[in-house]
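Here is the structure we will look at.
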Amino acid sequence: MICVSIAESTVSKCLEVLENFDFAEIRLDQMSVEAREVKKIFSLPKKLVATCRPGPKDDQMRKTLLTAAIAAGATFVDIEIDAEAGFREEIIKIAKESKCKVIISYHNHEKTPKRTELKHRVKSCFAAGADIAKIACKVCSPADNARLIGLLDEACPLIVTGMREKGKVSRVIAPLLGSPFTYASLQTGKETAPGQIDINTLRVLLQRIENV
C-alpha cells in the first residue's frame, strides 16, 4: 500500500491534490494553515495521516493542528519518539480517545544504527503507545538496507524507510515484506523526505515485482 506524502503550501492546493488520492500523509508543518481549516482536510472520507514535524511551528501550534486533525477524523497521527514526553503523551491520549491510530516514528538523519539499537527503538515506540512504529534512517550501504528490512521479521506493525538515494530500495521492498505501507511523493521535486520515490514510479516498480 502506498501513502502519498502531501506538503502543499495551502489548504486549497491540498484539497485539490487529494481529489486524486484516497490515502495520504498531510504534512501540516509545511502548510500555511489554521486549526479551523484543518477540518476541511481531515473530515474528507479518506485515509489520512496527520503529521506536523518540529521546526517551522512551535509545539503549541503543532499540538493545536494535530488535535484538530484528530477531532476532524484523521485515521493516523504521527508523533516523533524524541518529542517532549508531555507533548507526545497528550497527543497519544487524545488520539486513543478518538480511535485515531498512533504512528510513533524514529528518525536518524546521520546513519542506520546497529540492529540492537534499531530493535531498542522499535520497542521504545510501542512502549510509548504506538499502534504502528516507524523507523526512518539514512542509508549509506546495502548493509544498512538489509538491517532495516530485517526488522520486519518482528511480529509487530512496523514501517521501515531508508532515506537518501541508497535507501530507495527499502521503500520498494518493505511493503512487500510486511510493512503496512510505504511513502511516496506526488512527483519528482515534491519529495517530503530524502530518497522518496514519486508515486507513479513506485506503483510501476511494485507492480513489476508483484508480477514476477
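The values are calculated or read from the model by the stated rules, or taken from the named source; none is laboratory data. If you're wondering where the values come from, they're calculated on a predicted model, not measured in any experiment. Using ideal geometry, Cβ is built from the backbone for each residue, glycine included, and neighbour counts are taken over all protein chains shown.
For this structure, a couple of remarks:
- Sub-9 Å Cβ pairs linking a first residue in the range 103-114 that is among the hydroxyl-bearing types (Ser, Thr, Tyr) to a second residue that is part of a loop (DSSP other than H, G, I, E, B), at least 6 apart or interchain, are Ser105/Ile81; Ser105/Ala130; Tyr106/Ile81; Tyr106/Asp82; Thr112/Val139; Thr112/Cys140; Thr112/Ser141, ordered by first then second residue.
- Candidate set: the range 115-141, residues that are out of contact with any strand residue (DSSP E or B) (no Cβ under 9 Å at 6 or more places or on another chain) and touching a residue at least 24 places away in the same chain (Cβ under 8 Å); chosen: the one surrounded by the fewest Cβ atoms within 10 Å (Cβ to Cβ): Ser141
- Matching residues in the range 176-195 - criterion: being in contact with a Leu (Cβ under 9 Å, 6 or more places away or on another chain), assigned to a loop (DSSP other than H, G, I, E, B) and either of a type in the set (Lys, Arg) or crowded, with 20+ Cβ neighbours inside 10 Å (or both): Ser179
- Counting only helices (runs of 4 or more DSSP H) that fall entirely inside the range 104-173 and contain at least 3 residues that are more than 28 Å from Glu84 (Cβ to Cβ) and of a type outside the set (Val, Ile, Thr), the qualifying elements are 142-150, 168-173.
- Filter pass, Gly86 being out of contact with any Lys or Arg (no Cβ under 8 Å at 6 or more places or on another chain) and more than 23 Å from Phe126 (Cα to Cα): no
- Entry remark, the range 25-55: residues being of a type in the set (A, V, I, L, M, F, W, C) and in contact with a Lys or Arg (Cβ under 7 Å, 6 or more places away or on another chain) number 1 in total.
- Residue within the range 113-124 that is within 24 Å of Ala7 (Cβ to Cβ) and modelled with pLDDT of 95 or more present: no
- In the range 39-60, the residues that are at pLDDT below 95, within 20 Å of Glu90 (Cα to Cα) and not charged (D, E, K, R): Pro54, Gly55, Gln60
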